[in-house]
1. Condition first: within 14 Å of chain A (Cβ to nearest Cβ), surrounded by 22 or more Cβ atoms within 10 Å (Cβ to Cβ) and farther than 16 Å from A:Glu116 by Cβ. Can you find one or more residues in region B:245-258 that meet it?
2. Would you confirm, using the coordinates I've provided, whether B:Glu79 is more than 30 Å from B:Arg408 (Cα to Cα), open to solvent by 40 Å² or more (accessible area, probe 1.4 Å), of a type in the set (Asp, Glu) and in contact with a helix residue (DSSP H, G or I) (Cβ under 9 Å, 6 or more places away or on another chain)?
3. Could you please let me know if B:Glu223 is open to solvent by less than 10 Å² (accessible area, probe 1.4 Å), within 8 Å of chain A (Cβ to nearest Cβ) and either without any contact (Cβ under 8 Å) to a residue 60 or more places away in the chain or of a type in the set (Val, Ile, Thr) (or both)?
4. What residue, of B:Asp336, B:Asp342, B:Asp296, is of a type outside the set (Phe, Trp, Tyr) and assigned to a strand (DSSP E or B)?
5. I want to confirm something. Restricting to region B:308-325 and keeping residues that are within 13 Å of chain A (Cβ to nearest Cβ) and assigned to a loop (DSSP other than H, G, I, E, B), which single residue is surrounded by the fewest Cβ atoms within 10 Å (Cβ to Cβ)?
6. Return yes or no: is B:Thr367 among the hydroxyl-bearing types (Ser, Thr, Tyr) and closer than 29 Å to B:Gly159 by Cα?
7. Looking at region B:375-404, which of its residues are open to solvent by 10 Å² or more (accessible area, probe 1.4 Å) and among the β-branched types (Val, Ile, Thr)?
8. Output the residues belonging to region B:272-286 that are part of a strand (DSSP E or B) and either within 17 Å of B:Pro222 (Cα to Cα) or among the polar types (S, T, N, Q) (or both).
Amino acid sequence: MRNVVAAVLVVLLVVTVAGCKKPRRGATIPSSGPGTAGGGWGEGIPLSEMPDSMIFGEITDPEMKAIFEDIHFDYDDPSIKDSERGILENIAAWLNSNPAVVIQVEGHCDERGSNEYNLALGDRRALSVRGYLVDLGVGPDMVYTISYGEERPVDTGHDESAWWQNRRGHFMVAPE
Amino acid sequence: MTALAVLSTLLTAGTSLSQISVTVSKKYAQRTRIAVPSFHQKAGAPSAELSSGIAAQLSSDLELSGYFSPLKKKKFVEETQADDVRTGKVHIAEWRRIGAEMVVKGSTSSSLAGVTVECRVYSTAGGRSVFAKRYNAPKSDLRRLAHRIADDIIYAVTGEKGIASTKIAFVANRSGNKQIYVMDFDGSNARQVSKDKSICLSPDWSPDGQKLVFTSYRRSRPELYIQHVAGGSAKGVAFYPGLNATGAISPDGGSMLLSLSKDGNPEIYRMNLATGSLRRLTRTRGAEISPCWSPDGRRIAFVSDRSGSPQIYVMDLAGKKTRRLTYEGGYNVSPDWSPKGDKIVYSSRRGRDFDLYVIGPDGGASTQVTSGSSIDDNPSWAPDGRHVVYESTRKYKSDIYIVDIYERVPVRITKWNFNSTSPSWSSSLN
């Protein structure tokens, strides 16, 4: 019993500390276009090797699904919008209390622009999300990133609403 | 009789009679009007379709080269040819009268190997022969033979290497997944090279025209592979964590530029293809992608958004000195360096559309190449330094076009109902 109480206290403490910690990278800088904000800088957080066997799948658990919502981006911009920070804070809190869970952030773009440049932009979006989560205390090894550029739209329309849906960070989970 | 004997001695297989090259001085301004009648089918020749098929392919190749304008008066051309065949003479004055500055005279006959094709080109100003060559080819290979004849004629007449025997690699979503394909320079003969059930992107040729490097998600992550065009399986060459994309093999074949995000941000690296060792070339807060080589291998161009918007940059590899090349327009991407070294072609957003522009590698004024309400992207130079292949998206449908940067009349070369994108032109294959 004492152990359980201690464990709960530790988890609470971690969550509280993480919650108070100011993100260092990107998130606190006003967004003024690529190159000035977002987690992926020239001196970014190096990525971890992903085991070959690691395959990520869609989140099916209802509780997780409610927390791991897609976050959206402005056109041609990898930085985290103020409106999306709440989602990332919830995700960080959840990950911090479930430290064994490994996730992957997919960075996506809308169909406009160069498909090669969009690969880089999608990558920076995923890296921005990762950087934000790491700043909130999530272990860098628990968040993998992948860019799909403009290759995997959720909405195949050609209007503002479709483009908004498609400029997203989407979360996947590794089966335990 | 004596003259004929001399001619047939000169017409031994594979040797060119004509070293006299009539240089078309105003080559970018004016096309030479050329008559390309059906080849004369000699006794025992395979079939009439073959004879007219070679001429049709040759005519199309000469037209796409930019140097020639084949006569459209099909009826006159064939009648004049019939007269020539009946009388055994070349009626130069008659060819001149119907508007031809040059005339191609070909004949086909059966041989052990398949088909023997003799081809001569006469100038109608003076009537001398400016080209003569005999070819042997298997019956199944006559399209390739026509491409070879076209390139030989272009070289004899202009002194420039033709592009009819080159190939274009591209991405098509025919199977439901984007896959790598290769086709002839005119859009014919398309065949699938990559065999994935995932996404394949951004093919780029090795300088010998034997291999392609491309990005594939076959292991559920973007990694770079090299595959022989002739067949075989794709070999992984870059599989670092994060993004592995836009590989570009150096002119000497020894190294590859690529964009990697393993250090936390998409940056340009150079990989030694023999050892796999990496050298990091950029270190910025922006994303770097789409590198390409100068033909001497000393400089590179790439896209970076370090200034706040994607722009083209050029780096001197020896000193790593980098300068921004494009200042006009808020979105300049997809550079490719001319094989002649003097120009870089890229795609620029102007309003809603993207058009192709060329600019000198040291900056200066840019020149618009394509226009109109389309999204033109991913340009790639032909080895002649004159033609560019690119993808053009019109009403959400993407096709491959080629354009002569001097004439600026786009020609669509893919005619199917699925999207074709990201073309890459091979180097000269002959």
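1. no
2. no
3. Working: open to solvent by less than 10 Å² (accessible area, probe 1.4 Å): yes; within 8 Å of chain A (Cβ to nearest Cβ): no; either without any contact (Cβ under 8 Å) to a residue 60 or more places away in the chain or of a type in the set (Val, Ile, Thr) (or both): yes.
In short, no.
4. Sole residue among the options that is of a type outside the set (Phe, Trp, Tyr) and assigned to a strand (DSSP E or B): B:Asp336.
5. Filtering first and then ranking leaves B:Gly308.
6. On the way: among the hydroxyl-bearing types (Ser, Thr, Tyr): yes; closer than 29 Å to B:Gly159 by Cα: yes.
Judged against the criteria, B:Thr367 is a match.
7. B:Ile375, B:Thr393, listed by residue number.
8. Across region B:272-286, the qualifying residue is only B:Asn272.
The values are calculated or read from the model by the stated rules, or taken from the named source; none is laboratory data. The structure displayed is predicted, hence computed values, not measured ones. As a convention, Cβ positions derive from the backbone with ideal geometry for all residues, glycine included, and neighbour counts pool all protein chains shown. Surface accessibility is based on the protein's heavy atoms, side chains included, excluding ligands, DNA and RNA. Shrake-Rupley method; radii C 1.70, N 1.55, O 1.52, S 1.80 Å.
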